[in-house]
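Student: Structure in structure tokens, see below.
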Amino acid sequence: MVAKATGGVQAVGYRAFCAYEATRLQVTGYARNLPDGRTVEVVAEADEPTLRRLVERMRDGPPLARVDDVEFRWEDATGEFVGFEAMI
């Protein structure tokens, strides 16, 4: 799955929040800021119900974030990830 959260999601702990939630749910992948300054991209692998829970948590975000929208699309898992990383 590839998800993009937009709004006030950069420089507010959003990537670390995603990494915490993904690790808690046993999801693998990564979260990274996109260059537009208002989007965080999450690439994640797990079963569909677990990924849907992650998307719901992404919509909540951490206290300092303002999440305007989370769009996601399903993609085939590659199995390339070990753990979940909040990329710089």
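Student: Roughly how tilted is helix 14-25, in degrees to the nearest 10 and between 0 and 90, from the longest Cα axis of the chain?
Tutor: Between the helix axis and the principal axis of the chain, the angle is about 30 degrees.
Student: Which residue, G13, F72, A86, has the largest displacement toward the positive end of the dipole of the chain when charges sit on each Cβ (Lys, Arg +1; Asp, Glu -1)?
Tutor: The listed residue farthest towards the positive side: G13.
Student: Give, in nm to one decimal, the length gained when the segment between V2 and T78 is fully stretched (0.36 nm per residue of separation minus the Cα-Cα distance).
Tutor: 26.1 nm
Student: Separate question: About its Cα centre, how strong a charge dipole does the chain have in debye, to the nearest 20, once Lys and Arg get +1 and Asp and Glu get -1 at the Cβ?
Tutor: 360 debye
Student: I'd like to know which of A3, G29, V40 lies farthest towards the positive end of the charge dipole of the chain, counting +1 on Cβ of Lys and Arg and -1 on Cβ of Asp and Glu.
Tutor: Sorting the options by dipole projection puts first V40.
Student: Quick one: plug the Kirkwood hydrodynamic radius of the chain (C-alpha pairs) into Stokes-Einstein at 4 °C, 1.567 mPa s, and report D in µm²/s.
Tutor: Once the numbers are plugged in, D ends up at 104 µm²/s.
Student: Further question: Where does the chain land at 222 nm, in deg cm²/dmol rounded to the nearest 500, when only DSSP H runs of n ≥ 4 count, each adding -39500 (n - 2.57), divided by all residues?
Tutor: About -9000 deg cm²/dmol.
Student: What are the ³J(HN,Hα) values, in whole Hz, obtained from phi via the Karplus relation 6.51 cos²θ - 1.76 cosθ + 1.60 with θ = phi - 60°, for each residue of region 39-50 in sequence order, with x given for Gly and Pro?
Tutor: Once rounded to whole Hz, the list reads 9, 10, 9, 10, 10, 9, 10, 4, 6, 4, x, 5.
No lab work stands behind these numbers, since they all come straight from the coordinates. Quick caveat, the model's predicted, so the values are computed rather than measured. Glycine also receives a Cβ, built like all others from the backbone with ideal geometry; neighbour counts cover every protein chain displayed.
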